[in-house]
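Here's the structure, in structure tokens; my notes come after.
Bear in mind these aren't lab numbers, they're just calculated from the coordinates by the rules spelled out. Just so it is clear, the model here is predicted, and its values are computed rather than measured. Don't worry about glycine lacking a Cβ; one is built from the backbone with ideal geometry, like all the others, and counts go over all protein chains shown.
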Amino acid sequence: MRMLALVGMLIIVVIGMRLAARPQSWYWLTGEPTKSESGESTSASDTDEQIDFRIRIDDPESLPPGVFRSELPHPEDSDQSGDQNESATAIETDDSDPPDETSHTAEMITIDTRLLDDVKDNTLGIRRSESDAYFAVLAHVRDSDPTALRQAAQEDLAFKVLMLDSERLRGEVVTVEGVLRRFASLPAVANDYGISESYEAWMFTSDSGNNPYRIVFSEHPGDLSFGEFSNGQVRVRATGYFFKRYGYATQDGMHAAPLILAKTISRVHAPASMAEETGLAGYVAGLLILMIGGFSLMIWRFRASDRKFHRSDLKRWTAASAEEREALNSLEATDIREQLEQLADESSTSHDQ
């Protein structure tokens, strides 16, 4: 029975080790890990090798990050610019069909790509020719319905896809989620769209490696304070329009990051694990205590059985019977010195012969 119990304990330990080595075995407790937006793992080195992060700093229209400049239109161009701004935030619809709620929502969300014709990637800051489109998109997302934006947003765009296919995706609604590293306010800039305050957030997603996103928005989230977030524990989500590959200066030189224009950012709290949601943590703790108690009781019984064996069974099995004791007592005692002397005399006699 003891051998069977030991074999059973060994089997349980081996099975437990094999199950504990599988990450899936702990998802019920910690929750499933967040996956990259593309569904596939991409190393930062592979991303850096394929994406062009070089910044064109010889462009006379480029301005430093956080600095914007907008020129007033000439009087003769006022009618043309007014017509363009009027149609910039809408898509063309067929007047022959009555607009339904879906088409109206799409009309309110979609941005005319003509507004973004002058936007160029990999330029330092916001260029003069981009400032009007910049504030127009920022005002458009400010006035849009957040729920409709989230429903229309693409959530499966990887960092690499966004950077490599920026021309096609410019002006598209995207949702990004990642770790917040910096949150700050931007200086006020005069504009024709009523943007009096704006903020920026730098964040890293699960597939961007050491390459950040820059999120610019006009509404303070309320539950976040300005500063650096180096602990990596604050996660945020933003839904907005992809504007360009934004060039900025770093300690290691010039770099580029996706620029998303959003209404605001929202803090994402870690989802409760299944153990927290269903109260399984207490049951698991109780099961572990029960298993430890069972093993301890088994070991205690083994030790108690050993002590009983030494006290009773071993003594009984090794003790001499009455006949054996009587036979031992009847043996004739012999002095050991006499035996040695006798052996010595016999050895001497045989040597002389």
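Here are some notes:
- At most 14 other Cβ within 10 Å, DSSP loop - GluC sites (Glu not before Pro), the range 165-247: 197
- Nonlocal amide H pairs with residue 235, under 5 Å, H built at 1.01 Å: 180, 268
- Taking a ≥ b ≥ c as the square roots of the eigenvalues of the alpha-carbon gyration tensor, the range 164-254 is classed rounded because a/c is under 1.5.
- Ordering 263, 120, 308 from the fewest to the most neighbouring beta carbons within 10 Å gives 308, 120, 263.
- Gain in span if fully extended, residue 120 to residue 312, counting 0.36 nm per residue against the direct Cα distance: 59.7 nm
- Applying 0.36 nm per residue to the separation of residue 165 and residue 287 and subtracting their alpha-carbon distance, the gain on full extension is 38.7 nm.
- Per residue, the convex hull spanned by the alpha carbons of the range 126-206 comes to 120 Å³.
- The spacing between the range 145-164 and the range 317-345, judged by their C-alpha centroids, is 101 Å.
- Residues of the range 115-159 with amide N under 17 Å of a point placed 7 Å along Cα→Cβ from residue 249: 123-127
- Length gained on full extension, residue 333 to residue 15: 108.1 nm, using 0.36 nm per residue less the C-alpha separation.
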